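To start, the structure under review is shown below, and the notes come after it.
What follows draws every value from the coordinates through simple rules; no lab data is involved. What you see is a predicted model; the values in this text were computed from it and never measured. As a convention, Cβ positions derive from the backbone with ideal geometry for all residues, glycine included, and neighbour counts pool all protein chains shown.
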Amino acid sequence: MTAKTIAIARREFRALFDSPVAYIVIVAFLLVTGWMFFSTLFLRERADLRVLFTPSLFSPAMLLLIFAPAISMRAVAEERKSGTIELLTSMPVRDWEVVLGKFLADFALTAAAVLSTLVYAITVACIGDLDWGPVISGYLGMLLFAASLLAIGLMCSSWTDNQIVAFIVALLIGACLYVISWLQFFVPDFIAPLVDYVSLSSHLSNMARGVLDTRDLLYYFTLIGGALFIAERSMAHQHA
Amino acid sequence: MTEKDGLMIDARSLTKDFGPTRALADLSFRVKRGEILGFLGPNGAGKTTAMRILTGYLRPTRGSVHVCGIPVAERPVEARRRIGYLPENAPLYDEMMVIDFLRYTAELREVPPAERDRRLATIGKRCGLAEVLGKDIGQLSKGYRQRVGLAQAMIHDPDLLILDEPTSGLDPNQIVEIRELVKELGKDKTVILSTHILPEVQATCNRILIVNEGRLVADDRPEALSGRASGASIRLVLKAREGELDAAEVGEALGGIEGIREVQKAEGEGAGTLGFVLRDSAGADSREAVFGAAVDHSWIVLDLHREQVSLEDTFRRLTLGEQEGGEG
């Protein structure tokens with residue numbers, strides 16, 4: 001990582017806080033996770049953190065599915081639209097430094113939102129005994145899940161100068177990868193493991209259970225690396 | 001080829017196609033250290049495309065560019081270190097404060113951390129940005145935006161400045177300011193600026209390239225280009241002693257004068273007058289003959305003077321298909 005990557009990341013991060021996006025994401029994330037946490041706490045009289053990490057139709061992961069494309073949609077698309085991309089690429093900066101810098105900024109914001117829910121974990125730890133193992137692996141899973149969605153969003157953003165298009169395409173890709181695991185009961189047996197493997201949510205489920213498997217990590221890192229690589233390629237392609 | 005020869009830009013047979021459209025066709029030129037080069041051409045002539053290729057933002061379909069001896073296509077990052085670039089319309093980050101933006105560009109343009117504050121102060125002063133440093137770029141007037149754009153292009157003290165339409169959209173006072181700044185810069189830097197405004201290049205540049213439809217149609221000093229359109233024109237306004245003059249008749253009589261190549265009807269100066277623009281043949285001065293003709297026909301001469309053909313005429317002739325012989 002270079003000083004320039006960090007300079008770009010810092011600028012992007014500040015730009016996120018110059019728009020309402022950052023505040024909306026953090027507040028909404030805290031509200032939804034808070035509601036989920038306290039409803040299980042009071043209704044079922046159980047302090048359960050796993051509910052925060054387990055992907056379902058209504059879970060923090062679902063929120064990230066929508067927020068991640070919203071955060072990352074502006075990354076490259078906005079620079080294309082306003083023409084600042086020409087300014088940026090006239091500087092002695094490599095395309096991968098730009099992509100990585102933008103990714104880091106988006107990730108820092110999302111991580112801040114995700115990690116703000118640590119207050120609930122600390123609450124539980126204060127009330128009783130907390131098994132930190134699954135919590136840590138759950139948070140790690142959540143961060144990797146978010147990073148994957150952001151990388152996909154950044155990739156979509158690099159294809160267009162229209163942020164709405166970037167958002168919708170990223171949302172579609174993310175949603176497909178999220179729900180595909182539900183299909184495994186309807187497909188032939190030999191495809192089922194494959195379907196399970198490409199699914200964003202099944203890997204998150206594993207990690208939410210406290211299972212740290214290299215296959216899950218490998219999956220997320222491949223997805224992040226692949227999406228960022230494609231983003232870098234399409235940045236380079238604009239010179240053609 | 002190398003920097004020692006003082007060769008800043010060596011562009012060879014640049015060709016750029018966008019799909020079926022050819023934006024540049026076989027454009028070659030060299031720029032030496034210390035030149036202020038005006039890139040002139042009608043809108044859509046390929047000026048911006050050429051500049052984008054020089055900065056490495058676009059890759060040419062064919063041909064190559066060396067900046068300070070560095071091949072731009074192969075070593076773009078290295079080449080960009082030597083270039084300060086102001087893209088057309090000065091695209092900037094509107095949500096950033098001027099000072100933050102300049103600090104950011106100083107970082108990306110590799111100004112050493114220890115020198116940054118000093119550089120920022122120098123540039124801020126030079127571009128007249130002192131009182132807007134704390135403002136958001138989005139709030140600035142067009143003139144200030146342009147200056148911020150210039151400041152970011154100069155922050156790393158580059159050898160070569162490329163400015164795409166630096167004065168477009170500015171008011172006359174701001175245009176003069178930017179011109180003065182460019183001239184000032186030209187003393188120790190190489191500057192390339194593009195424009196479609198003619199007085200601009202005449203006022204600032206010591207060399208002009210005229211491009212039309214992606215081709216280089218002229219490459220010369222401004223004085224030489226103005227003199228290039230052969231001959232001069234004569235402005236003539238006539239009035240009848242009594243009654244009205246018949247335009248066709250007078251025109252015919254004028255056309256018959258030796259040395260007059262072309263007679264054009266022009267605006268008169270009110271009722272009862274006729275205006276003409278006469279074109280001399282190369283080298284001739286037909287004013288005497290014209291005056292003689294007026295006396296013979298007893299026309300009253302209200303105006304008779306010679307106009308040097310301006311750069312504007314050369315530009316029109318070169319870009320409107322009225323091709324000149326010789327150099328193309």
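Selection among A:Ala22, B:Gly292, B:Pro42 by position relative to the dipole of the protein assembly as shown gives A:Ala22 as farthest towards the positive end (Cβ unit charges, Cα centre). Mean separation of Cα pairs under 8 Å and 6 or more residues apart, divided by the residue count, gives chain A a relative contact order of 26 percent.
Take every Cα pair under 8 Å whose residues are at least 6 apart in sequence, average their separation, divide by the length of segment B:3-227, and the relative contact order is 29 percent. Taking a ≥ b ≥ c as the square roots of the Cα gyration tensor eigenvalues, with a/c under 1.5 meaning rounded and otherwise prolate when a/b beats b/c, else oblate, which class fits segment A:70-209? Oblate, because a/c is 1.5 or more while a/b does not exceed b/c.
For the residues A:Thr5, A:Thr160, what sequence is obtained by ranking on other C-beta atoms within 10 Å, fewest first? Walk me through the numbers before you get to the answer.
Details: A:Thr5 20, A:Thr160 17.
With the fewest neighbours first, A:Thr5, A:Thr160 line up as A:Thr160, A:Thr5.
The tail of the calculated P(r) for segment B:3-227 beyond 21 Å holds 54 percent of all Cα-Cα pairs. Taking the centroid of alpha carbons for each part, segment B:1-73 and segment B:141-219 are 16 Å apart.
Other protein chain C-beta atoms within 10 Å of residue C-beta, averaged over A:88-101: 5.
Counting only residues at least eight positions apart within a chain, or on another chain, the lysines with an alpha carbon under 25 Å from that of B:Lys265 are B:Lys239.
Based on Cα atoms of segment B:230-308, Rg over Rh with Rh as the Kirkwood radius reads 0.94.
Using only the Cα atoms of segment B:156-223, build the gyration tensor, take square roots of its eigenvalues as a ≥ b ≥ c, and label the shape rounded, prolate or oblate: rounded if a/c is under 1.5, else prolate if a/b is larger than b/c, else oblate. Oblate shape, in that a/c is at least 1.5 and b/c is the bigger or equal ratio. Computed about its Cα centre, the charge dipole of segment A:1-145 is approximately 200 debye, with only Lys, Arg, Asp and Glu carrying charge at their Cβ.
Note on A:Asp213 and B:Arg215: with the Förster distance fixed at 45 Å, the Cβ-Cβ geometry gives a FRET efficiency of about 0.10. So in the protein assembly as shown, what percent of DSSP beta bridges are antiparallel if you round to the nearest 5? Here the antiparallel bridges make up roughly 70 percent for the protein assembly as shown. Amide H contacts under 5 Å for B:Arg207: B:Ile36, B:Gly38, restricted to partners 5 or more places along the chain or on a different chain, H placed in the peptide plane at 1.01 Å from N. Expressed to the nearest 5 percent, the antiparallel share of DSSP beta bridges inside segment B:3-227 is 55 percent. The value of relative contact order for segment A:77-173, using C-alpha pairs under 8 Å at least six residues apart, is 43 percent.
Shape call for segment B:77-178 from the C-alpha gyration tensor, a ≥ b ≥ c root eigenvalues: rounded (a/c under 1.5), prolate (a/b greater than b/c) or oblate? Judged from the Cα gyration tensor, segment B:77-178 comes out oblate (a/c at least 1.5, b/c at or above a/b). Going by Cα centres, segment B:231-278 and segment A:16-70 are how many Å apart? Each part's Cα centre sits 85 Å from the other's.
The angle between the Cα long axis of helix B:142-154 and the longest principal axis of the Cα atoms of chain B comes to about 60 degrees, rounded to the nearest 10. Legend: residue pairs B:Lys142/B:Lys189; A:Lys4/A:Lys102; A:Lys102/B:Lys125, Cα-Cα distance threshold 22 Å; pairs beyond threshold, B:Lys142/B:Lys189; A:Lys102/B:Lys125. Full extension of the segment from B:Ala289 to B:Arg235, taken as 0.36 nm per residue of separation minus the current Cα-Cα distance, would add 18.1 nm. Averaging 1/r over each pair of different alpha-carbon atoms in the protein assembly as shown and inverting the result gives 28.3 Å, the Kirkwood hydrodynamic radius.
Roughly speaking, what % of Cα-Cα pairs in chain A are separated by over 23 Å, rounded to a whole number? The answer is 50 percent, as a whole percent. Only helices enter this figure: runs of n ≥ 4 DSSP H residues, each worth -39500 (n - 2.57), summed and divided by the residues of chain B, yield -9500 deg cm²/dmol at 222 nm to the nearest 500. Annotation: the residues A:Met36, B:Met51, A:Met235, A:Met155, sorted from fewest to most other C-beta atoms within 10 Å of their own C-beta, follow the order A:Met36, A:Met235, B:Met51, A:Met155.
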